[in-house]
């Protein structure tokens, strides 16, 4: 059998590990959503961070076990793993939790908080219950739709002034 070039091994290793890395990132995000209004599973909210970090450690261990074979190409493997793994995690989060129900839940929560605290209070509470890091994971069209629906709640003076 012919020996594979280290570049080929590096590319294959990076692509293979990116799936595990992405799942680990997604699990950590589930743990970060624990005290928010964002949906998450009970198990992943409680244990996602620990399992995610352990999965990252396994990925690093697997990658380091190839250091004798691919040497400097390990850097390419690591870059592929992290970059494409982030895409996997974002894709998974969007497919599972990005829908109109989430937009409506966030808008309804903002309206409820707004009744008691005003626009500044709503902004503070929204930053905790629907964090910006999570909103940035969503598609631009989704973010724009949410922004349009939240504008009358967060900026009521501008809404009445433009009419």
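Where a number appears in this text, it was derived from the coordinates with a stated rule and is not lab data. Nothing here was measured: the structure is a model prediction, and the numbers come from that model. Heads up, the Cβs are rebuilt from the backbone with ideal geometry, glycines too, and the neighbour counts pull from every protein chain shown.
Could you check the spin-label model distance between residue 108 and residue 16? Points 7 Å from the Cα along Cα→Cβ, value in nm.
Simple spin-label model gives 4.7 nm for this pair.
Gain in length, residue 47 to residue 99, computed as 0.36 nm per residue apart minus the alpha-carbon separation, to one decimal in nm?
Result for the pair: 16.3 nm of gain on full extension.
With angles folded into 0 to 90 degrees, how steeply does helix 74-97 sit against the dominant principal axis of the chain? Use alpha carbons for both and round to 10.
The angle comes out at about 40 degrees.
Report the Cα centroid-to-centroid distance between the range 57-77 and the range 87-163 in angstrom, as an integer.
41
As an exercise, use a Förster radius of 25 Å and the Cβ-Cβ distance of residue 155 and residue 116 to find the FRET efficiency, rounded to the nearest 0.05.
Details: r = 18 Å, r/R0 = 0.71.
My answer for the efficiency is 0.90.
Compute the distance in nm between two label points, each set 7 Å from the Cα along the Cα-to-Cβ direction, one at residue 37 and one at residue 133.
So the label points at residue 37 and residue 133 sit 2.1 nm apart.
In degrees, nearest 10, range 0 to 90: what is the angle between the Cα axis of helix 6-32 and the longest Cα principal axis of the chain?
The helix 6-32 is inclined about 30 degrees to the chain.
Can you compute the helix-only [θ] at 222 nm over the chain? Use -39500 (n - 2.57) per DSSP H run of at least 4 residues, normalise by all residues, nearest 500 deg cm²/dmol.
On the way: 8 runs with 134 residues, N = 163.
The helix-only estimate for the chain comes to -27500 deg cm²/dmol at 222 nm.
As I understand it, the value is the acute angle between the Cα axis of helix 140-154 and the longest principal axis of the Cα atoms of the chain; what does it come to in degrees, rounded to 10?
With rounding to tens, the tilt is 30 degrees.
Give, as ranges by residue number, the residues of the range 74-115 whose backbone N falls under 14 Å from the point 7 Å along Cα→Cβ of residue 4.
74, 77
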